[in-house]
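The structure appears below as structure tokens.
The values are calculated or read from the model by the stated rules, or taken from the named source; none is laboratory data. As the structure is a prediction and not an experimental result, all values here were calculated from the model. For neighbour counting, all protein chains shown are included, and Cβ atoms are generated from backbone atoms with ideal geometry for every residue, glycine included. Ligands, DNA and RNA are stripped out before the accessible areas are found, and what is left, the full protein with its side chains, is counted by its heavy atoms. Shrake-Rupley method; radii C 1.70, N 1.55, O 1.52, S 1.80 Å.
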Amino acid sequence: MPVAKGAARGVGTLALIGGGEWTDECRGFDTELLAASGADEVIVLPTAAAFEHPDRVAARAMAYLESLGVAARSLRVLHRGEAEDTKTAESVRKARFVYVADGSPLHLRSVLKDSALYDAMLAAYHSGGVLAASGAGATLVCDPMVDPRGGAYTVGLGVVSGLAVFPYHGSAAEHLRERSIDLLPDRAQLVGVDEHTALLRDPSGAWRVAGAGAVTVYQGRDAVRYDAGAPVERLEGL
């Protein structure tokens, strides 16, 4: 699969979470991600929740992460201008663990795409850090992106190219899931990630599942389900 411009193969750890982040069901893989990062602080981006009480989202994230024994800092980047702030971008560039919250993928894209902050996120990830993105974030960081307005596709950021993420897979409306399956571009694979579940890619490029649910990989109408702990061979090479 082609790699999107500006998104060379990462050397850090990527976590694509199906939603329901910062809950007890996620403690296992979040603890693992913290260990992999070596971070003493997690940077939280509540950007996608800009119109859904972002301060509450940030407070919940910080309380949860601190309960795991790590400091957390929320960056109040809610609009495009804030994503171009050089000091904010530099703090993200130095981070060992960046966690992107759920919310609106379209708003998140309008803020991050081609921004100084997004460049800094990529730099931190490519330097060996952890990039975790839940729900809307998981949808956006890949390309193509599932459009929440109807289950079709639009352009994502392309941290991983040729991969589309369908979050909340186990509880999503069936007609939206079916539409995403039917409209999947030939060049892409679709992964349905359940809530409280992470699809992880380690620095070697190997994929596996962690958390409370499963990941389902689609190729056309052919679907393979992977439970927690299982390696996901179908995504090798992405």
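For the chain, what does the helix formula give at 222 nm: sum of -39500 (n - 2.57) over DSSP H segments with n ≥ 4, over the residue count, nearest 500 deg cm²/dmol? Don't skip to the answer; put the middle values down first.
Working: 8 runs with 71 residues, N = 238.
It comes out at -8500 deg cm²/dmol, rounded to the nearest 500.
Over region 7-105, with the other protein chains present, what is the accessible area per residue in square angstrom, probe 1.4 angstrom? Please list the in-between numbers first.
Details: 4260 Å² over 99 residues.
Per residue, region 7-105 has 43 Å² of solvent-accessible surface.
Dividing the alpha-carbon Rg of region 26-163 by 2.2 N^0.38 Å yields what?
0.98
Would you work out if region 194-238 is rounded, prolate or oblate? Take a ≥ b ≥ c from the square roots of the eigenvalues of the alpha-carbon gyration tensor; rounded if a/c is under 1.5, else prolate when a/b is larger than b/c, oblate otherwise.
Judged from the Cα gyration tensor, region 194-238 comes out oblate (a/c at least 1.5, b/c at or above a/b).
Rank by packing, highest mean first: peptides 161-169, 72-80, with packing defined as the count of other Cβ atoms within 10 Å averaged across residues.
Those peptides, ordered most packed to least, come out 161-169, 72-80.
Give the Debye-formula value of log10 I(q)/I(0) at each listed q (0.13 Å⁻¹), with one equal scatterer per alpha carbon of region 60-101, two decimals each.
-0.32
Could you quote the convex hull projected area for the chain, Cα atoms only and averaged over all directions, in nm²?
Dividing the Cα hull surface by four gives the mean projection, 10.9 nm².
Pull up all non-local amide H partners of Tyr153: gap of 5 or more, or a different chain, and H-to-H distance under 5 Å with H placed in the peptide plane.
Asp147
Output the peptides 105-113, 47-55 sorted from most to least packed, where packing is the average of other Cβ atoms within 10 Å over each peptide's residues.
Order by mean packing, descending: 105-113, 47-55.
What is the antiparallel percent of DSSP beta bridges lying wholly in the chain, to the nearest 5?
Given both bridge residues lie in the chain, the antiparallel proportion sits at roughly 50 percent.
Give me log10 I(q)/I(0) at q = 0.19, 0.28 Å⁻¹ for region 8-48, Debye formula, one equal scatterer per alpha-carbon, no solvent.
Rounded to two decimals, the profile gives -0.71, -1.26.
With every protein chain kept in place and ligands, DNA and RNA left out, what is the accessible area per residue of region 114-205? Probe 1.4 Å, answer in Å².
Ligands and nucleic acids excluded, the result is 31 Å² per residue.
Carbon-plus-sulfur fraction of the accessible area of the chain, 1.4 Å probe, in percent?
Whole-percent figure for carbon plus sulfur exposure: 51.
Could you size up the charge dipole of the chain around its Cα centre, putting +1 on the beta carbon of Lys and Arg and -1 on that of Asp and Glu, and report it in debye to the nearest 20?
460 debye
Whole angstrom only: what separates the Cα centroid of region 164-222 from the Cα centroid of region 29-45?
23 Å
Note the full-extension length gain between Lys113 and Ala173 as 0.36 nm times their separation in residues minus their Cα-Cα distance, in nm to one decimal.
The Lys113-Ala173 span can extend by a further 18.8 nm.
What are the extents of the Cα atoms of region 133-238 along their three principal axes, listed from largest to smallest and rounded to whole Å?
32, 25, 25
Could you calculate the contour length gain from Arg221 to Glu32, that is, 0.36 nm times the residue separation minus the distance between their Cα atoms, to one decimal place in nm?
64.7 nm
If I fit a long axis through the Cα atoms of helix 27-37 and take the longest principal axis of the Cα atoms of the chain, what angle between them do I get, 0 to 90°, rounded to 10?
Computed tilt is about 60 degrees.
Students often check this: by mean Cβ neighbours within 10 Å, which of 217-225, 61-69, 16-24 ranks highest, and how do the rest follow?
The peptides rank, most packed first, as 16-24, 61-69, 217-225.
Expressed in nm², what is the orientationally averaged projection area of the convex hull enclosing the Cα positions of region 7-88?
6.5 nm²
Over the chain, what is the relative contact order in percent, taking alpha-carbon pairs closer than 8 angstrom and at least six residues apart? If you can, show how the numbers build up before the last one.
Details: 586 pairs, mean separation 57.0, N = 238.
Computed over the chain, the figure is 24 percent.
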